[in-house]
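Nothing in this text is a laboratory measurement; each read-out follows from the coordinates by a stated rule. This structure is a prediction, so every number in the text was calculated from the model and none was measured. Note that we place each Cβ from the backbone using ideal geometry, even for glycine, and neighbour counts take in every protein chain shown.
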Amino acid sequence: MSEYSLTLSVNADAEEIALPVLPDKIEFSEAGNSKAYEISGLGEINIIKNMKPVEIAFDGLLPARWFPGAAIPREEAWLPPSFYLKKIQDWRKKKLPVKIVVNLTGMEVSLFVSIEKFTWSESGGAVGDIQYQISLKEYRAFSARKVQVAEPAAAAQTGTETSTAPANTPARPDTRVQPKTYTLVAGDSLWKVAKRFLGDGAKYKQIQTLNGIKDSELKKLPIGKVIKLP
């Protein structure tokens, strides 16, 4: 494998594909989100806000057979173009965030992205070879938070009842117990842990960040390791 490589993966690297032919060019678009305002006596000022999600685009080739320019050694198993097409189409249907890792000369780019556009075609001059174009956009995980609404001040001062339940009825206890830590067992992955305790495997990144787990450690999590949960 050359120093220059490009891989796509989902589910904490449980499913990963390395592109067999590296694209000639990868375009990264990083745009700001600043806004200008006109201030009396000062003129126009520029307010710097958070950056917009990074956009990535490239064209590529999925050849039917190995050739000397391929990024995969000849002795490794050669997968047909249909394998890559089905993987990408399946990830899009399941609405999974995809991790793209690009190794360039002297640097590595690793981002979670959504597949915004994917088109492909088979040309008559090279039967079996698939040419494709793909557009990606940086994915930023988020989750809704429960908001506690305070009792209106006026009702509290006048003693007005805001509930139909009797005043002396004790509040129903919440018997649900959410564990704050979890001990890993054989076969566990952060994706499985997030699915079990957070209800969404795609939230595994929250657990990874909370516990300071590196990307390189995701595939070899030690059995018995105690991890904190959000």
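Give me the distance in nm between label points sitting 7 Å out from Cα along the Cα-to-Cβ direction at Thr209 and Asp59, one decimal.
Placing both labels 7 Å along Cα→Cβ, they lie 3.7 nm apart.
Skipping prolines and chain starts, which residues have an amide H placed within reach, meaning under 5 Å, of the one on Asp129, given they are 5 or more residues away or on another chain?
Residues meeting the amide H criterion: Ala64.
Residue by residue, what Karplus-based ³J(HN,Hα) values in Hz, rounded to whole numbers, does the stretch 68-83 have, using 6.51, -1.76 and 1.60 with θ = phi - 60° and x for Gly and Pro?
x, x, 6, 7, 9, x, 4, 6, 7, 4, 9, 9, x, x, 4, 4
May I ask which of Lys49/Lys137; Lys146/Lys228; Lys203/Lys225; Lys137/Lys225; Lys52/Lys95; Lys25/Lys225 have a Cα-Cα span longer than 30 Å here?
Over 30 Å apart, Cα to Cα: Lys137/Lys225; Lys25/Lys225.
For the stretch 50-133, divide the Cα radius of gyration by the Kirkwood radius and give the resulting Rg/Rh value with two decimals.
Over the Cα atoms of the stretch 50-133, Rg/Rh equals 0.99.
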